[in-house]
Amino acid sequence: MADGSPDDDAVVAENAALIVGRLAAKLDEVTRSIQQLLVAKIAELGGDPQLTQLLRDTVSGNVDTFFSAIRHRIPVTQVEPPTAALEYARRLAQREVSADALVRAYRLGHRAALEAILNEIRTSNIEPRLSLNVFDRMARTSFDYIDWISQRVIATYQEERERWVESRNSLRTLQVREILAGGNVDIDAMTTAIRYPLRGIHLAVVVWCPETDDGADPASLEPSVRKLAESIGAQDNSLFISVDGVTGWGWISLSAASAVKSATGLRKVAKATSGPCIAAGNPLSGVDGFRRSHRQAQDARNVAITAGAGARRRVTLASDPGLSVAALLGSDLDAASAWIGDMLGPLASQADSDERLRETLLVYLRTGSSYTAAAEELHLHFNSVKYRVQRAIERRGRPIGDDRSDVEVALLLCHWFGTAVLD
């Protein structure tokens, strides 16, 4: 602790900087706890993995900016708003999330940050009177920061909302959302209104620019859906609507023959090295198929984003083995990770060697515990598969018995979510 009177401004500032320094070392922990609080308390902020990741970056940026203001005694009016915070406000405006949700997020986040500060001060060796002055200084600065940043993000939200409403095809988008909401639909009238045949077979897709791809072009989203339709032999026009600046929803009308071949066509697209990421549902008929294929595509996208798979998997299909199970169980990755550890033991590690063993064991179990079938699928020698399976069981630490189905599900989750669920 610094010497001097607890009322001395320099001493208070120095000790506030020390508290911030200790909290900065825990930035990831503080960020995660605030993000989880906001998603749990404000339903509108949850459900989309890409937005959740941007929320995490927003929280981290705001906390780090506030810490810097305390550490370097920078007046709040002279700091710059975090880029992620402004972009998050724009995305919420584009997705029609209420401004109230955004304001509430800052209030709840502010409270959580103050609790973290207070807990850190309590565990410090600062004498009581000085600790009160330190907390008072940090609290006043935090209120000034929240007041300032709230005005900036709300102004950004309102500007983007006005721009987005003017620029998009709002009537068509509203009509498509009306179809997705359920209920009875006048099929012929709606077909005319949205200029898309609702009586056919529909393949729904979600296209997006991954956050990690600096070269991604949002303008490529709609053309990518048209090109995709051409590549799989679509018989009629495709339908596309923008969801936000980096995400779009599409539907492709297929003939019965092209529907059968659509998965093959999509897998060919997956070999391309550039362009937006694509998640696709299954080809399904009628208005109900229009809705269900879209839900499947959304599930596939959620799995791909949660796994951080944008850079290595351009196309994710609802028909991919185990995808539907991963979508159902992927909402709580912490719980899934703990369960996977219980099921697989040391086999649930991030080592490349364990990844190979898991994939081999998964294919072996999926093919009815056939070394021959697994060898054919993996393009390996029979003996290589047998060795890997035996080695995987050794790494697990116990034989596979009545828990075979649990082991297969755990392996599926490892396959889809990778490092997100591994030790």
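The values are calculated or read from the model by the stated rules, or taken from the named source; none is laboratory data. The structure displayed is predicted, hence computed values, not measured ones. Positions of Cβ are generated from backbone atoms using ideal geometry, with glycine treated the same way; all protein chains shown enter the neighbour counts. Each accessible area value is taken on the protein alone, full model and side chains, heavy atoms only, with ligands, DNA and RNA left out. Shrake-Rupley method; radii C 1.70, N 1.55, O 1.52, S 1.80 Å.
Observations on the structure shown:
- Trypsin sites (Lys or Arg not before Pro) within segment 240-347: DSSP coil, no more than 10 neighbouring Cβ in 10 Å: Lys271, Arg312
- Note on Kirkwood radius over Cα pairs in Å: of the candidates (i) 23.1; (ii) 24.6; (iii) 21.8, the value calculated from this structure sits at (ii).
- Segment 343-406 and segment 108-132 have Cα centres separated by 50 Å.
- Largest to smallest in accessible area, the residues Ser331, Ser353, Ser68 fall in the order Ser331, Ser353, Ser68 (1.4 Å probe, all protein chains included).
- Residue (of His110, Leu378, Ala84) at the positive-pole extreme of the chain, dipole from beta-carbon charges: Leu378
- Taking the protein heavy atoms of the chain in the context of the full set of protein chains, the accessible area attributed to carbon and sulfur is 49 percent at 1.4 Å.
- Size-normalised alpha-carbon gyration radius of segment 10-152, reference 2.2 N^0.38 Å: 1.05
- Over the chain: helical MRE at 222 nm, DSSP H runs n ≥ 4 each giving -39500 (n - 2.57), nearest 500: -21000 deg cm²/dmol
- Counting only heavy atoms of the protein chains and using a 1.4 Å probe, Arg95 has close to 50 Å² of accessible surface.
- Relative contact order %, the chain, counting alpha carbon pairs below 8 Å whose residues are six or more apart: 12 percent
- Shape call, segment 119-270: gyration tensor on alpha carbons, a/c limit 1.5: prolate
- Mean Kyte hydropathy of -0.5 or more with a Cα span along the axis of at least 27 Å, helices from DSSP in the chain: 49-72, 99-122
- Within the same chain, lysines fewer than 8 places from Lys386 are excluded, and of the rest, none has a Cα less than 25 Å from its Cα.
- Rounded to the nearest 10 square angstrom, His415 shows an accessible area of 60 square angstrom against a 1.4 Å probe.
- Extension gain for Thr77-Ser369 works out to 98.6 nm (0.36 nm per residue, less the C-alpha to C-alpha distance).
- Placing +1 on each Lys and Arg Cβ and -1 on each Asp and Glu Cβ, with no other charges, gives the chain a dipole about its Cα centre of roughly 1260 debye.
- 15 Å beta-carbon shell around Thr156, net charge (K/R +1, D/E -1): 0
- In this simple spin-label approximation, Val165 and Ala40 carry label points 7 Å from Cα along the Cα→Cβ vector, and these lie 3.5 nm apart.
- Neighbourhood charge, 9 Å Cβ-Cβ cut-off, centred on Asp244 and excluding it, Lys, Arg +1 and Asp, Glu -1: +3
- Computed on protein heavy atoms with a 1.4 Å probe, the accessible areas place Ile393, Ile126 in the order Ile393, Ile126, largest first.
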